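Just below is one structure, and these are the notes that go with it.
The values are calculated or read from the model by the stated rules, or taken from the named source; none is laboratory data. The structure displayed is predicted, hence computed values, not measured ones. So basically every Cβ, Gly included, is an ideal-geometry build from the backbone, and we count neighbours across all protein chains shown. Please note that ligands, DNA and RNA were not included when accessible areas were found on the heavy atoms of the full protein model with its side chains. Shrake-Rupley method; radii C 1.70, N 1.55, O 1.52, S 1.80 Å.
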Amino acid sequence: MNIQVGNTKLNVEDRGSGSVLLLIHGFPLNLEMWRQQIENLSNHKRVIAVDLRGHGHSPPTPGPYSMDLLADDCAAVLDTLGVDGPVVVCGLSMGGYVSFALYKRHPQIISALILAATRAGSDSDQARANREKAIADTKQHGPQPVLDNMLKILLAPDTYKLKPELVKNLADIISLTSTEGIVSALEGMKDRPDSTILLGQINLPTLIIHGAQDQIITLNESESMASGVKNSRLEIIPAAGHLPNLEQPEMFNSIVSEFLASI
Ligand code: MLT
């Protein structure tokens with residue numbers, strides 16, 4: 001379904017009933033990455049998954065897409081859908097950066113956090129320089145170079161060998177991201193603030209999920225988040241990279257279900 005948010009429309013999937021689990025995807029993905037969570041977790045929850053602007057079936061708008069802007073979009077979607085009462089927010093990677101912004105700007109709408117394959121810190125100088133290069137490449141050559149590069153690192157090395165159909169599915173999912181969506185998201189991530197300061201303030205049940213073979217987020221970064229948030233627990237998913245929800249969906253869903261039942 002399309003939901004009007006400010007001057008644009010966002011594609012949103014809203015399934016199941018009961019208390020809400022909001023799913024926020026990573027870059028350069030879209031809500032389709034959550035297909036197995038939407039199917040499974042909506043048996044017990046109302047699952048709302050959003051295509052962030054410029055991703056999936058949400059059209060691009062002029063950038064940059066700051067994490068604050070994307071967080072406000074998510075808050076507006078909940079408001080338009082008439083969600084009253086706080087929700088569990090699950091963000092993966094860039095979706096985690098957006099979750100921190102949501103916590104900073106709209107803490108009253110969050111009851112618990114699931115931070116998957118993400119980090120609290122801002123970009124290092126090197127990471128910022130890499131993003132500048134990716135932005136320039138995308139403006140010059142279109143989306144394919146960045147999509148090809150991301151496709152090589154999003155999954156665990158073993159997943160590429162053992163699950164070729166998943167690699168193909170992932171290529172199809174990311175192929176929806178346009179030049180403008182990629183550039184605007186990279187600009188927003190490049191300048192995102194350091195959220196480390198927030199960790200000590202988060203007083204919500206928090207689940208941190210790390211794929212043991214993540215090529216983008218280090219275990220150290222996940223452990224730092226876990227030690228920074230008082231009421232948190234860290235789960236490490238074996239045989240998974242940066243997309244543990246896609247690579248090990250049963251394990252991911254059972255860890256999330258257990259967490260949801262515990263809060
Ligand atoms: C993501 O998966 O959202 C990205 O890898 C995050 C990033 O580039 O920092």
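Give the residues of the stretch 90-117 that are open to solvent by 10 Å² or more (accessible area, probe 1.4 Å), away from the ligand (no atom under 12 Å from the Cβ), in contact (Cβ under 8 Å) with a residue 12 or more places away in the chain and in a helix (DSSP H, G or I), sorted by residue number.
Answer for the stretch 90-117, where residues must be open to solvent by 10 Å² or more (accessible area, probe 1.4 Å), away from the ligand (no atom under 12 Å from the Cβ), in contact (Cβ under 8 Å) with a residue 12 or more places away in the chain and in a helix (DSSP H, G or I): TYR103, LYS104, ARG105, GLN108, ILE109.
Could you tell me whether any residue of the stretch 149-160 is in a loop (DSSP other than H, G, I, E, B) and polar (S, T, N, Q)? Full working, then the answer.
So the first thing to find is which residues in the stretch 149-160 are in a loop (DSSP other than H, G, I, E, B), and the list is 154-156.
Among the residues that remain, those that are also polar (S, T, N, Q) are: none.
Checking the stretch 149-160: not a single residue is in a loop (DSSP other than H, G, I, E, B) and polar (S, T, N, Q).
Test ALA127 against the criterion of being closer than 18 Å to HIS242 by Cβ, open to solvent by less than 10 Å² (accessible area, probe 1.4 Å) and over 17 Å from the mean Cα position of the chain (by Cα), and give yes or no.
Considered against the rule, which asks whether it is closer than 18 Å to HIS242 by Cβ, open to solvent by less than 10 Å² (accessible area, probe 1.4 Å) and over 17 Å from the mean Cα position of the chain (by Cα), ALA127 comes out as no.
Restricting attention to the stretch 216-248, report how many residues are more than 16 Å from the ligand (Cβ to nearest atom) and open to solvent by less than 10 Å² (accessible area, probe 1.4 Å).
Result for the stretch 216-248: 1.
Would you pick out the residues in the stretch 136-148 that are open to solvent by 60 Å² or more (accessible area, probe 1.4 Å) and either charged (D, E, K, R) or assigned to a loop (DSSP other than H, G, I, E, B) (or both)?
Step one: of the stretch 136-148, the residues open to solvent by 60 Å² or more (accessible area, probe 1.4 Å) are 139-141, 144, 148.
Selection gives LYS139, ASP148.
Would you check which residues across the stretch 170-200 are within 16 Å of the ligand (Cβ to nearest atom), part of a helix (DSSP H, G or I) and among the polar types (S, T, N, Q) and list them?
SER184, THR196
Could you tell me which residue of the stretch 47-76 is surrounded by the fewest Cβ atoms within 10 Å (Cβ to Cβ), considering only residues that are β-branched (Val, Ile, Thr) and within 22 Å of ILE202 (Cβ to Cβ)?
Here the residue is ILE48.
Taking ASN11 as the residue in question, decide whether it is open to solvent by 50 Å² or more (accessible area, probe 1.4 Å) and more than 16 Å from the ligand (Cβ to nearest atom).
So ASN11 does not fit the description; no.
Which strands (runs of 3 or more DSSP E) does the stretch 1-81 wholly contain that include 3 or more residues that are within 17 Å of the chain's Cα centre (by Cα)?
Numbers: elements: 2-5, 8-15, 20-24, 46-50.
Fully inside the stretch 1-81 and qualifying: 8-15, 20-24, 46-50.
Checking the structure you have, find out if any residue of the stretch 118-136 is in contact with a Ser or Thr (Cβ under 9 Å, 6 or more places away or on another chain) and more than 16 Å from the ligand (Cβ to nearest atom).
No, the stretch 118-136 contains no residue that is in contact with a Ser or Thr (Cβ under 9 Å, 6 or more places away or on another chain) and more than 16 Å from the ligand (Cβ to nearest atom).
Are there any pairs with C-beta distances below 9 angstrom linking a residue in the stretch 168-188 that is closer than 12 Å to ALA134 by Cβ and open to solvent by less than 50 Å² (accessible area, probe 1.4 Å) to a residue that is modelled with pLDDT under 95 and within 11 Å of the ligand (Cβ to nearest atom), with the two at least 6 apart or on different chains, and if so which?
Cβ pairs passing all conditions: none.
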